[in-house]
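Read the structure below first, then the notes.
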Amino acid sequence: MNDTWLDNVFTVKKPVIAMLHLAALPGDPGYDSVAGISAIVDRAKGELEALQEGGVDGVMVSNEFSLPYLTKTEPITAITMARIITELLPELSVPHGVNVLWDGRASIDLAVATGAQWVREIFTGVYASDFGLWNTNVGEVARYRHRIGAHDVKLLFNIVPESAAYAADRSLQSIARSTVFATAPDALCVSGLTAGSPTDTQSLTTVKDAAGSVPVFVNTGVEASNAAEQLAVADGAVVGTAFKKDGEFANRVELGRVRELMGAVRDFRATA
């Protein structure tokens, strides 16, 4: 498998990228304007400390609590995220990526501004989603990436987006194959229905078989109990909800849960 960029970014095989979910931001319906941005930064620093102490291989910062999501974000979102990430940079000891939900161009902008090494986003396809009809323009994004000199920012394509279904009757295998052939993703991500929902192992296997040399990440639902099964297929995992208290999306990261899951991952690596 041609996973050179993974080897260059991470020091282990089958890396686990932890999600650092930012609290609601200015402009979001859930934003706490009384506590302000400083409260978001304080929470993020605490969760980052737990993730890194627990042994994750990378961190991806996202505006996960900007619900309900926009498919073209307002400028205040990425601007505020850049301010927050800048405050986190001195604390970061692992590689980091970013995700401005659900806006590919804004994600790339944020990566360039903060030195992130990858972004994850929906770059291809048309979907019927909870957020309306969801269209993309990967050709435009690819040219924009080139124009702003973001060649080194790796693009992780989520080809099974959460809370959405492909608008055409196409098999997952054909979507994976044509995405790899026509759009040159740096990795593919396979998800369940929502954050924290299990990713179907058969779907993961289908994408992996169709992806050729392109790395495949399991994007949701990895826990200590299924990490070995999922990583036996995938080249890495993105984990958010499982690291949180009681495994609940809205809760904060809990060090014990990070250690438990990463312990299971290390046990798998030792025997793989």
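The values are calculated or read from the model by the stated rules, or taken from the named source; none is laboratory data. This is a predicted model, so every value here is computed, not measured. When we count neighbours, we look across all protein chains shown, and the Cβ atoms used for this are built from the backbone with ideal geometry, even at glycine. All accessible areas refer to the heavy atoms of the entire protein, side chains included, with ligands and DNA or RNA removed. Shrake-Rupley method; radii C 1.70, N 1.55, O 1.52, S 1.80 Å.
Near ALA167, the amide H atoms lying under 5 Å from its own belong to VAL126, TYR127, ALA128; only residues 5 or more places off or on other chains count, and H is placed 1.01 Å from N. Partner aspartates and glutamates whose Cα lies under 17 Å from the Cα of LYS72, excluding those fewer than 8 positions away in the same chain, are identified as ASP28, GLU64, ASP103, ASP109, GLU121, ASP130, GLU140, GLU162. With a Förster radius of 22 Å, plug the Cβ-Cβ distance of SER213 and ASP152 into 1/(1 + (r/R0)^6) and report the FRET value to the nearest 0.05. Computed FRET efficiency for SER213 and ASP152 comes out at 0.70. Ellipticity at 222 nm from helices only: DSSP H runs of n ≥ 4 in the chain, each -39500 (n - 2.57), divided by the residue count, give -11500 deg cm²/dmol. Computed from the alpha carbon atoms alone, the convex hull of the stretch 206-247 holds 60 Å³ per residue. Straight-distance candidates among the lysines for linking to LYS14, with alpha-carbon spacing under 26 Å and chain neighbours fewer than 8 residues away dropped: LYS45, LYS154, LYS208, LYS244, LYS245. Across the stretch 165-172, rounded Karplus estimates of 3J(HN,Hα) from the backbone phi angles (6.51 cos²θ - 1.76 cosθ + 1.60, θ = phi - 60°) give 10, 4, 7, 10, 8, 10, 6, 4 Hz, Gly and Pro being marked x. Ranking VAL239, HIS146, ILE175 by how far each Cα lies toward the positive end of the dipole of the stretch 5-270 (charges on Cβ) leaves HIS146 at the top.
Spatial offset of the stretch 1-46 relative to the stretch 118-136 amounts to 20 Å, using the alpha carbon center of each.
Separation of the stretch 176-217 from the stretch 218-272 is 18 Å, based on Cα centroids.
Count the net charge of all other residues whose Cβ sits under 11 Å from the Cβ of ALA106, scoring Lys and Arg as +1 and Asp and Glu as -1. Let's see the in-between values first.
Numbers: positive: LYS72, ARG105; negative: GLU74, ASP103, ASP109, GLU121.
Combined, the nearby Lys, Arg, Asp and Glu give -2.
For the chain, the dipole from Cβ point charges (+1 on Lys and Arg, -1 on Asp and Glu) about the Cα centre works out to 520 debye, to the nearest 20. Within the shell of other residues whose beta carbon sits under 13 angstrom from the beta carbon of THR199, the net charge comes to -3, with Lys and Arg scored +1 and Asp and Glu -1. Counting only protein heavy atoms and using a 1.4 Å probe, the accessible area of TRP102 comes to about 10 Å².
Each residue of the stretch 238-252 was assigned a 3J(HN,Hα) from its phi angle through the Karplus expression (A = 6.51, B = -1.76, C = 1.60, θ = phi - 60°), giving 10, 10, x, 4, 4, 7, 9, 3, 6, x, 9, 3, 7, 7, 8 Hz with x at Gly and Pro. The candidate values were [x] 28, 22, 17; [y] 34, 27, 12; [z] 25, 23, 18; the one computed from these coordinates for semi-axes √(5λ) of the Cα gyration tensor in Å carries the label [z]. Heavy-atom surface analysis with a 1.4 Å probe gives the chain a carbon and sulfur content of 51 percent of its accessible area. Coupling constants for the stretch 203-213 follow from the phi torsions by the Karplus curve (6.51 cos²θ - 1.76 cosθ + 1.60, θ = phi - 60°), and in residue order they are 4, 4, 5, 4, 5, 4, 5, 8, 7, x, 8 Hz; glycine and proline get x.
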